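A.B. asks: Sharing a structure, written as structure tokens. Questions coming.
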Amino acid sequence: MFECFENSASTFSPYIKMARTQPNIIVTGTPGVGKTSHCEVLATNTGLKHLSINQIVKDRGCHDGWDAEYKSWIVDEDKVCLALTCLPRICSASH
């Protein structure tokens with residue numbers, strides 16, 4: 001089990017080793033092309049989990065503000081990585 005260090009990126013270790021039991025599939029692309037819809041169908045058809053990074057960025061404050069020109073959050077990758085280590089459903093070997 002991992003401890004969650006919500007507000008301290010300095011405690012995040014990129015060298016945490018976890019036994020992976022399922023693949024990570026990362027889908028990227030231009031806004032509005034159907035990535036979320038595709039991922040939801042993929043998760044339903046394969047039994048994998050759909051983890052929305054956009055939702056994590058919004059819910060956990062993993063951003064440096066809003067970019068009005070691109071109408072998007074300015075993602076702080078370090079904060080996202082830290083937030084992902086704090087999610088028990090993906091950190092736990094017994095999902």
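Laboratory data are not the source of any read-out in this text; all were calculated from the coordinates shown. The structure displayed is predicted, hence computed values, not measured ones. Every residue, glycine among them, receives a Cβ derived from its backbone with ideal geometry; neighbour counts consider all protein chains shown.
A.B. asks: Suppose every K and R has +1 on its Cβ and every D and E has -1 on its Cβ; what is the size of the dipole of the range 32-88 about the Cα centre, in Debye to the nearest 20?
C.D. replies: Details: 6 positive and 8 negative charges, 56 e Å.
Here the range 32-88 has a charge dipole of around 260 debye.
A.B. asks: Tell me the Rg and the Dmax, in Å, that the Cα atoms of the range 24-91 produce.
C.D. replies: My reading of the Cα-based Rg and Dmax gives 13.0, 37 Å.
A.B. asks: So how do T30, T46 line up by other beta-carbon neighbours within 10 Å, fewest first?
C.D. replies: Working: T30 7, T46 12.
Fewest-to-most Cβ neighbours within 10 Å comes out as T30, T46.
A.B. asks: Starting from 0.36 nm per residue, how many nanometres of slack lie between D59 and D78 once their C-alpha separation is accounted for?
C.D. replies: Numbers: separation 19, 0.36 × 19 = 6.84 nm, distance 1.53 nm.
Fully extending the segment from D59 to D78 adds 5.3 nm.
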